[in-house]
Structures are given as C-alpha cells and as structure tokens.
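Any read-out appearing in this document is the output of simple, stated calculations on the displayed coordinates, not a laboratory observation. From a predicted model like this one, the values you see are computed outputs, not experimental measurements. Counting neighbours? That spans all protein chains shown, and the Cβs are built from the backbone with ideal geometry, glycine included.
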Amino acid sequence: MNIIIIEDEFRAAKSLQNLISDLKPDSKILGIYDSIETSIEGLKDIKPDLIFMDIHLSDGLSFEIFKSVEITCPVVFCTAFDQYMLDAFKSKGVDYVLKPFSKEDIAEALRKVDELKKFFQKNDLPDLESLIQKISQPSAGKSSFLVFKNQKYTTIPTEDIAYFYIHNEITHLVTFAKEQFPLTQPLGQVAEQVSDKQFFRVNRQYLVNFKAIKEMEHYFQRKILVKLTIETPEKLLINKEKTHSFFTWLEDR
C-alpha cells in the first residue's frame, strides 16, 4: 500500500510514519507534506492508496487541497477535536484519528481501510464546502492554559496571552506582562484550541493575538513584517502567499 502523510507538525508526522511502518511493513510512504501548497504539487504526480491528512495546516485548512486535485483514495483525517466534523466524516465512510493518537488508533484506521472493497469516488467525499464554512466560524476557544514553572502550577487566561511561539521544538506562551511559560502541546494543537478570530498563525513559529499587533510594514520579497506591542525573539514575517488571508483576518472584526 502506497501512503502519503500530510502533517505540519514534524514530530507528529515522524510518529505517524513510524507507526505505519511498524503496523504495515509492506507499505511505502511516498511522501510527507507539511502544507496545502506542497500537498497539491505532490498529489499532481503521486497516486497514493491512502492519505493520512491533518486538518489544520500552517497555511490553512487541508480541505482546500480537494479543490485543486482530485483525490479518489480513502483519507484518514487527523484532528484534536471538532466533534461535529468527525460525525460528518464518519457518516461518509472516511475514518479519523484524534490527536494525540496511539498505536491502537492507527491500527484500527488501517484495519478499516483494508476492509474497503473499493476506493471512494468523487461524490462519496464529504460536503467540503459546508465543512469549511462550519470550521471557519469563530469559536470561543480555550479560556485558559495550565502551565508549570518554578515547581508550581497556575492557569493563564487566554486573553492575557500575547503570542505563542516555538523555541528548541517546545511551544511557549508569552503574556502581555512579558511572562513566559513552556507548554506540552505542539503549536499546531494550540492553534486548534484557541479562537480563530482572536489568534492567527503568522508562520510556523508564531501564533499571535490580535490585541498584540501594533503595526505592519512591507518587507523584502513581498513579505509583511508584523510588529507587536511587546518584543519577540525574532522578526515576525509573513510570506507573500499568506498575506491575503492575514489581512482578511485583520479586517474580519
């Protein structure tokens, strides 16, 4: 069985690859893609038998891939929650796994795929437009995050968080009071837990609060430089492919 993985979190993609290789030694991983753009390019030349697909990618929702390439093989979606969406996929016969997934979860997904008598046809796919509309609706998100520092646990209200960022492969949150705390969740999972209306993932490393944005200016190679009300360890740059969605997010108040 030829399989591709679409996942923007490196550790999650590597873990999934190892689990698949262990559970199905005769399978072959044709590629691992971390964005909508690279997935579309890859799927133009590759015809897999199965796709494991993360829903929230760094450059948008993975459902956008279906608009650019025809996918006729089964897709196992990966997500942290969104229960209404899971029910929609299940009713159409497309399987899913919840993050963080276990070896048993992947084994069960592979078992169900093996039982399929034929691959999905185009009209068997979920109503992607309605799913995109549902997911795009703003949600309140988590109201606080539990953190541990100096041998003590405390909760940080989400409204007090200026931004999240990755340092040494660990996600940290930074408050408007310039306090910093490490988190156990990867940044992609944090992005699913907070409000899409309040937080925007400007790039792979940073997820910023709307209230923290001070100003923006043009940068080299048609990028946008974002400046916050508090300092960040690195310059916050948005590439030209993502500027439109960023400005749309800014205007959608």
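Remark: the ILE40-THR184 segment gains 48.7 nm on full extension, using 0.36 nm per residue and subtracting the alpha carbon distance. Approximating the spin labels as points 7 Å out from Cα along Cα→Cβ, the ILE170-to-VAL69 distance works out to 3.7 nm.
Highest mean first, the peptides 20-33, 147-160 sorted by other C-beta atoms within 10 Å per residue fall in the order 20-33, 147-160. Indicate the gyration tensor shape class of the range 153-196 (rounded, prolate or oblate), computed on the Cα atoms with a ≥ b ≥ c the square roots of the eigenvalues: a/c under 1.5 is rounded; otherwise a/b larger than b/c is prolate and the rest oblate. It comes out oblate by the Cα gyration axes. Charge tally around ALA12: other residues with Cβ under 15 Å, Lys/Arg +1 each, Asp/Glu -1 each, net -3.
Legend: residue pairs LYS149/LYS211; LYS142/LYS211; LYS44/LYS227, Cα-Cα distance threshold 28 Å; pairs beyond threshold, LYS44/LYS227. How would you classify the range 1-59 from its alpha-carbon gyration tensor, with a ≥ b ≥ c the square roots of the eigenvalues: rounded for a/c under 1.5, else prolate if a/b is greater than b/c, otherwise oblate? It comes out oblate by the Cα gyration axes.
In order along the range 158-172, phi translates into HN-Hα couplings of 4, 5, 8, 8, 7, 6, 10, 8, 9, 9, 6, 6, 10, 7, 10 Hz, rounded to whole numbers, per the Karplus curve 6.51 cos²θ - 1.76 cosθ + 1.60 with θ = phi - 60° and x for Gly and Pro.
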